[in-house]
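The values are calculated or read from the model by the stated rules, or taken from the named source; none is laboratory data. These numbers were taken from a predicted model, which means no experiment stands behind them. Here the Cβ positions follow ideal geometry from the backbone for every residue, glycine too, while neighbour counts run over all protein chains shown. SASA here: full protein model, heavy atoms, side chains in, ligands and nucleic acids out. Shrake-Rupley method; radii C 1.70, N 1.55, O 1.52, S 1.80 Å.
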Amino acid sequence: MEQTFRSRVWQLGDNIDTDIIIMTKYLAKASLQEMVPHLFEPLRPDLAARLRPGDAIVAGENFGCGSSREMAASVLKTAGIRCIIAKSFAKIFFRNAINNGLLLIECRDLYDRCREGDTVEVEVGRQLTCNGTAYPIPALSREVLDILRYGGLVPRMQALDKSALAAPAPRDTLRDTHRPGHTLAEQLLLHNTGAEDLRPGDVVTVRVDEAVLHDIYAPYIFQQFRDMGFDRVFDPERVSVMVDHLYPTCLDDDPRCFRYSRRFQDEYGVKRLYVADGISHQLALEERLAAPGRIIFGTDSHTTTYGAVGAFATGVGYTEMASIIGSGQLWIRVPSAIKVVVNGTLPMGVFPKDIILRVLGDLTAAGAIYKSLEFTGSAIRQLSVSGRAAIANMAVECGAKAALFAPDEKTAAFCGVDLADCDWLRFDEDAPYERVLTYEADTFTPYLSCPYGVDNVHPIRDVAGTPVDQVFIGSCTNGRLEDLAAAAKVLEGRSIAPYVRLIVTPASKAVYREAARLGYLKTLVQAGAMVTHPFCGLCQGRSGGLVSGDQVVIGTHNRNFIGRMGSPAARTYLASPAVAAASALEGRIADPAPYL
């Protein structure tokens, strides 16, 4: 790694998300080189052709927010970007970039004092100089420097002696003792590592209880795994492969991802391969892969969902996943925590989705970068596991590393465990929280996340009456049984407005079957809905309802980034299933209260 170099500057703004860096529809291309011409296409379609090897990007807050798609970092490296300098970085992107040997530098002052086309001189770990002004920069951690010196995680793992790299055995019991004075995240990491004490900023190596791979990244994981020199997975019983993003296939290169997904089972004996059974984050809960006390990594940023049952779960890129399934372990930094307290009873027409939208609006997209969001209060305890999962699912939208709920009787019943075995994982009044957000549930109203950012949150009164062209009810956020029940209650005996398209995607086959048995799907279809098989398609902007021009979508999914559902001019609003259903009825954004 060069210690001193000079680069031409390209400027980008705040919250440059992974969909802006490289759109979903290009992810299954056969090579990173084929993706390069599409860099920043929704925002600056001319920029990719103007980039030259050795250039630097200077950006604002939260660069790389959004998906765990490592291609966002890999394609920048392939395009020859030497470094990215930003006020702050989304932490999954940060790790993905470092694992690709791409230097990232946090500097809060340079962005506001330079112009596109300037030259910046970089002295790694010391300072930046631009237009005669020097800006100090933080030193990189030992772990990050180690990876960068090798040129990335693949050559770093190649250098390890695989014969001496014994995968750690899983902890033999869920039982433990409560450790006062610690956040939920700290308690989980103490439970896993056996450390005497941990505090925010400490670096620990954790034993991985479950690794969840996704079809869209399967070819990359497979290749990186082999390039690292591994010849077996650490434990075939603790690896799951989910075929949910690209099934059925819709673009030329998609079948390749399906084939590589199967190869993990055929060539490495992975026991669990889920093909078209549903969306991974619902399946992990249904199949009890997620449970209290577990440490789980998945190649999807919404892996935070599993915190609903008291698991420390977070997203990683495909290179890090390759190292996980080879070694069974991963280094992480202990996160600081924000406690979210919601007391009371939610009003009629207000749902768990409204809780997380309100929190996201208050924290903003960069407000919880690499923090654990920990939810409690009487209103939270009234929620079902499905409701908690909807909240945990979207915590990553404000940068959270994890989203956690203390286990209770509902958790134990859902996961099939004895509550006495996991009651050590509970809130402690002496735990040092960085911040506490406290809400009274009766002050909540239906909320919507408005274009073009998940944290652009408004109460429904601000946007009611906005005409809509398409309504989507489903996804790993709100495609569960209680979500379909809420939508069916609004739509029962009624018909959707003319010229509105209503698409419903149950989160899993099990949800689909039960919703059919209970008559929810019949009610939705009679109202004018089209019900799809369970998959990620529309939410990730791949197939099954993409929009054109300046059409307006209201959906129950988790992201409304520019261009994510098709046209960059289209506008997407995020809301609860009840608000989405009421909006389908009226053909405009509508409060569900009159229909409940």
Next on the checklist: Using the Cα centre of region 181-443 as the reference point, and only Cβ charges (+1 on K/R, -1 on D/E), how large is the resulting charge dipole? Debye, rounded to the nearest 20.
Outcome noted: 280 debye
Checklist outcome for this item: In terms of the charge dipole of region 447-595, which places +1 on Lys and Arg and -1 on Asp and Glu at the beta carbon, the residue among Val504, Pro534, Ala488 farthest towards the positive end is Pro534
Checklist entry - Once the mean 1/r over all distinct Cα pairs of region 447-595 is inverted, what Kirkwood radius in angstroms do you read off? => result 14.7 Å
Item to check | Simple Cβ-charge dipole of region 187-303, Lys/Arg +1 and Asp/Glu -1, about Cα centre, in debye nearest 20 | outcome: 200 debye
Item to check | Value at 222 nm in deg cm²/dmol, rounded to 500, when DSSP H runs of n ≥ 4 in the chain each add -39,500 (n - 2.57) | outcome: -8000 deg cm²/dmol
Item to check | √(5λ) per eigenvalue of the Cα gyration tensor, region 4-158, largest first, Å | outcome: 22, 19, 14
Checklist entry - Alpha carbon centre of region 523-591 versus region 17-83: separation in Å? => result 26 Å
Checklist entry - Hey, if you put +1 on the Cβ of every Lys and Arg and -1 on every Asp and Glu Cβ in the chain, which of Ala590, Gln158, Asn343 ends up farthest toward the positive end of that dipole? => result Gln158
Checklist entry - In whole percent, how big is the carbon plus sulfur part of the accessible area of region 51-154, probe 1.4 Å, protein atoms only? => result 44 percent
Item to check | Dipole magnitude (debye, nearest 20) for region 373-433, charges at Cβ of Lys, Arg, Asp, Glu | outcome: 320 debye
Item to check | Given Lys271/Lys509; Lys29/Lys401; Lys25/Lys271; Lys87/Lys353, the pairs whose alpha carbons are separated by over 26 Å | outcome: Lys29/Lys401; Lys25/Lys271; Lys87/Lys353
Checklist entry - Going by the alpha-carbon gyration tensor, a ≥ b ≥ c the square roots of its eigenvalues, is region 181-443 rounded (a/c under 1.5) or, if a/c is not under 1.5, prolate (a/b greater than b/c) versus oblate? => result prolate
Checklist outcome for this item: The aspartates and glutamates whose Cα lies under 12 Å from the Cα of Lys339, excluding any fewer than 8 residues away in the same chain, are Glu374, Asp428, Glu429, Glu434
Next on the checklist: Rg/Rh for the chain to two decimals, with Rh computed the Kirkwood way over all alpha-carbon pairs.
Outcome noted: 0.95
Item to check | Accessible area per residue, Å², region 4-158 with all protein chains present, probe 1.4 Å | outcome: 36 Å²
Checklist entry - Given just the C-alpha atoms of region 209-257, how large is their convex hull per residue in cubic angstrom? => result 76 Å³
Next on the checklist: As I understand it, the dipole of region 142-272 uses +1 on the Cβ of Lys and Arg and -1 on the Cβ of Asp and Glu, about the Cα centre. Which of Ala218, Leu190, Val270 lies farthest toward its positive end?
Outcome noted: Val270
